[in-house]
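**Q** The structure's right below; bear with me while I get my questions together.
The values are calculated or read from the model by the stated rules, or taken from the named source; none is laboratory data. No experiment lies behind these values; they were computed from the predicted model shown. FYI the Cβ positions are ideal-geometry reconstructions off the backbone, even for glycines, and counts take in every protein chain you see. These area figures cover heavy atoms from the full protein model, side chains too; ligands, DNA and RNA do not enter into them. Shrake-Rupley method; radii C 1.70, N 1.55, O 1.52, S 1.80 Å.
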Amino acid sequence: MPAQRLEEAGRVLSGIREVHSCAITTGPHNLVIDVWLRALGDVHAFEAHLSRQLPSLTIDDRSVVLSTVKHMGRLLAEDGRSVGVVPLRHPQSLRDSAVEQLAETRADNLRGN
């Protein structure tokens, strides 16, 4: 996307319901768009719609994720509904757990277990 068109692209993309997020980056591929669609077959139609809305946009690459099992700490069913939570732990608590486990292993080894 030409740099002088990025502001326009932001306005257009903010009005498209399927666009979950977008980011301006540096380099030749300066716009990353995260889109949520219902079916794989919707990709081509969405890209065609996007090309009509933003004629100066060039789609250089795409990645397709067919199924998301977890999003923002929530487990998702096949239909996308939340069916559970995966608690997120602070990195310090992970380190503390690892240190405790290492200490227990050393103590077991000293006892001959």
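**Q** Give all pairs with beta carbons closer than 7 Å in which a residue from region 40-68 that is within 30 Å of Ser82 (Cβ to Cβ) meets a residue that is open to solvent by less than 80 Å² (accessible area, probe 1.4 Å) and of a type outside the set (A, V, I, L, M, F, W, C); count only pairs at least 6 apart in sequence or on separate chains.
**A** As it stands, the answer is Phe46/Glu18, since those pairs meet every condition given.
**Q** A further question follows. Name the residue that is nearest to Gly80 (Cα to Cα), counting only residues in region 1-15 that are surrounded by 13 or more Cβ atoms within 10 Å (Cβ to Cβ) and charged (D, E, K, R).
**A** Glu8
**Q** Test each condition in (1) in a strand (DSSP E or B); (2) in contact with a Leu (Cβ under 8 Å, 6 or more places away or on another chain) for Asp34 and report the one that comes out false.
**A** Among (1) in a strand (DSSP E or B); (2) in contact with a Leu (Cβ under 8 Å, 6 or more places away or on another chain), Asp34 violates only (2).
**Q** Just a yes or no: is a residue in region 16-27 open to solvent by less than 60 Å² (accessible area, probe 1.4 Å) and more than 20 Å from the chain's Cα centre (by Cα)?
**A** So in region 16-27, the residues open to solvent by less than 60 Å² (accessible area, probe 1.4 Å) come out as 16, 18-19, 21, 23, 25, 27.
Next, only the ones that are more than 20 Å from the chain's Cα centre (by Cα) stay: 27.
Yes, some residue in region 16-27 is open to solvent by less than 60 Å² (accessible area, probe 1.4 Å) and more than 20 Å from the chain's Cα centre (by Cα).
**Q** Just to check your reading of the model, which residue among Thr68, Thr58 is among the hydroxyl-bearing types (Ser, Thr, Tyr), at negative phi, in a loop (DSSP other than H, G, I, E, B) and at pLDDT below 85?
**A** Sole residue among the options that is among the hydroxyl-bearing types (Ser, Thr, Tyr), at negative phi, in a loop (DSSP other than H, G, I, E, B) and at pLDDT below 85: Thr68.
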